[in-house]
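What follows is a short report on a single structure.
The values are calculated or read from the model by the stated rules, or taken from the named source; none is laboratory data. The shown structure was predicted, so the numbers you read here are calculated from the model rather than taken from an experiment. Backbone-built Cβ (ideal geometry, glycine too); neighbour counts: all protein chains shown.
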Amino acid sequence: MKIGSSCFDIGLRTYIMGILNITPDSFSDGGMFYNLDAAVVRGLDMELEGADIIDVGGESTRPGHTSVDPETEISRVVPVIRSLSEKLHIPISIDTSKADVAEAALKAGASMVNDVWGLQSDPHMRGVVAKYDAACCIMHNKKEPEYGDLMHEIIEELKKLTARAIKAGISSDKIITDPGIGFGKTVDQNIRIMQNLGRMNELNYPWLLGTSRKSMIGKSLKLPVGERLEPTLASNVIGMNAGADFIRVHDVLPHVRACRMTDMFVRPPHRGTSSVCISLGANMGDRKKYITDALGRIGSDPAMKIDRISRIYETSPVGNTDQNAFLNAAAVIETELKPEELLARFQAIEKSLGRVRAEKWGPRTIDIDILMYDGVQQDESSLILPHPRMTERLFVLLPLNEIASLRVHPGENLRIFELLRDGAFPDQRAEPYADVSPFPAS
């Protein structure tokens, strides 16, 4: 799934949406970020803490909230979105049910619409999302909490709403669903939803869970808003275990830690296969042709599927610097092959393209390295995962950041864009060489 320029590998890990309320009457933070500077600082802090999306809202949706007109909402959110979009490495979502607000936010730099009324409150909302090819979160909501079969009705309503979205021109791979905890439900109904969250997987869409600091927690445990972190964490761990792909939270850092640990226990292999990041390099002969030929052979192997490919970069040699400049690219592939089996396939391709292993870090027609294989960590004589030197190599991280910026490096516990942003690469040079993918992903 792509949101803005960021790729989200659904099923590989849980993604965190950080809540940024630009309102004077938010139930959760009392208007703490109701000015431009404070809001921008908070958005940047949430990225540093590990948020994968920042969800900006300009109107409270708490019970009894005061509605605002679109112009007021726009005046609150657009300056924040415009400023954050110039600084963040992660996408921005606009939390609104108004089409005019959504359009202004998308023009300002947002790339997702999070609508608590499932794109149905404003008749123009679906058209705006489709027009900008934005991602969207379609939440279940209801004016009165009256149900027969609660989960069945939620699932069926979300099926109708997603079908309407697709009919309006919204791509199916841009849709996230949300059962709507706290919206049109009683506390008991919210608890029943939490007990049956696994049914959200019946929709076959990525789904989001939003329980952060909500009244389900406050009323159940008699806790004020500021003391609801631990039960929020508990509810989100339950959600992750049920298969939630996104969680929407106020307290980012504790949830990042909880997600990273929980994912180690509950995440199965990606859609029955493994998601693998690889690096390709060449500095002999027709360098670009060697890279494209290698990608072609990978793509034609029925045991491997190319998901996406970076641009090609021209890079300075590292280690043995007395040799020609390299061309490098990165790719993400899906495979059912085990790591050692995949390595053997890559070495066979290298050999078929004239690779001779005569000198460490020496010239080569083609080099294919496995960088990360799902979240596997291993230290075997035949293969170390993740690749032991990838964090030190600009020629690895720069192309990989194009296509897997949110992938978490096992062991370092940092995302690729963070490794690139914070790394030191003395005397290493890398510049774009080819503007388009060298091999069409199938």
For the range 392-421, name all the residues that are crowded, with 17+ Cβ neighbours inside 10 Å and either polar (S, T, N, Q) or outside the structural domain of F326 (by TED's automatic domain parsing) (or both).
-> N401, S405
Limited to the range 381-428, what total is found for residues that are over 16 Å from V256 (Cβ atoms), outside any loop (DSSP other than H, G, I, E, B) and among the aromatic types (F, W, Y)?
-> 1
Output the number of the condition that M125 fails; it satisfies all remaining conditions of (1) aliphatic (A, V, I, L, M); (2) farther than 13 Å from L161 by Cα; (3) crowded, with 24+ Cβ neighbours inside 10 Å.
-> (2)
Unmet criterion (only one of (1) surrounded by 14 or more Cβ atoms within 10 Å (Cβ to Cβ); (2) among the aliphatic types (A, V, I, L, M); (3) over 20 Å from S5 (Cβ atoms)) for A424 | (1)
Could you say whether any residue in the range 326-342 is small (G, A, S) and surrounded by fewer than 20 Cβ atoms within 10 Å (Cβ to Cβ)?
-> no
Residue check for G354: surrounded by fewer than 18 Cβ atoms within 10 Å (Cβ to Cβ) and either farther than 18 Å from G423 by Cβ or in the same structural domain as N283 (by TED's automatic domain parsing) (or both) | yes
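Of G109, G198, G180, which residue is farther than 26 Å from R82 by Cβ, touching a helix residue (DSSP H, G or I) at 6+ places or on another chain (Cβ under 9 Å) and crowded, with 18+ Cβ neighbours inside 10 Å?
The match here is G180.
Taking M194, is it touching a Ser or Thr at 6+ places or on another chain (Cβ under 9 Å) and part of a helix (DSSP H, G or I)?
Taking the combined requirement at face value, the residue satisfies it.
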Identify all residues within the range 201-224 that are in contact with a helix residue (DSSP H, G or I) (Cβ under 7 Å, 6 or more places away or on another chain) and closer than 30 Å to V128 by Cα; write none if there are none.
-> E202, L203, Y205, W207, L209, T211, S212
Are any of the residues in the range 222-234 basic (K, R), surrounded by fewer than 23 Cβ atoms within 10 Å (Cβ to Cβ) and outside any strand (DSSP E or B)?
-> yes
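Do the conditions hold for T61, that is, is it farther than 20 Å from L36 by Cβ, more than 20 Å from the chain's Cα centre (by Cα) and β-branched (V, I, T)?
Answer is yes for this residue.
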Among the residues of the range 197-219, is there at least one that is free of Cβ contacts under 8 Å to residues at least 24 places away in the same chain and of a type in the set (G, A, S)?
-> yes
Exactly one of (1) out of contact with any Leu (no Cβ under 7 Å at 6 or more places or on another chain); (2) crowded, with 23+ Cβ neighbours inside 10 Å is unmet by S274. Its number?
-> (2)
Looking for whichever is in a loop (DSSP other than H, G, I, E, B), surrounded by fewer than 15 Cβ atoms within 10 Å (Cβ to Cβ) and of a type in the set (S, T, N, Q) here; the options are S67, S97, S60. Which one fits?
-> S67
Condition set touching a Gly at 6+ places or on another chain (Cβ under 6 Å) and assigned to a loop (DSSP other than H, G, I, E, B), scope the range 335-376, selection modelled with the lowest pLDDT: answer is W361
When residues of the range 270-298 are limited to those that are among the β-branched types (V, I, T) and out of contact with any Ser or Thr (no Cβ under 9 Å at 6 or more places or on another chain), the one nearest to T315 (Cα to Cα) | I291
Inter-residue pairs, beta-carbon under 7 Å, first surrounded by fewer than 16 Cβ atoms within 10 Å (Cβ to Cβ) and in the range 147-174, second among the hydroxyl-bearing types (S, T, Y) and assigned to a helix (DSSP H, G or I), 6+ apart = I166/S172
For the range 162-171, state whether one or more residues are assigned to a helix (DSSP H, G or I), among the aliphatic types (A, V, I, L, M), within 18 Å of E202 (Cβ to Cβ) and touching a strand residue (DSSP E or B) at 6+ places or on another chain (Cβ under 9 Å).
-> yes
Is it the case that some residue within the range 282-302 is free of Cβ contacts under 8 Å to residues at least 40 places away in the same chain, in the same structural domain as G411 (by TED's automatic domain parsing) and among the polar types (S, T, N, Q)?
-> yes
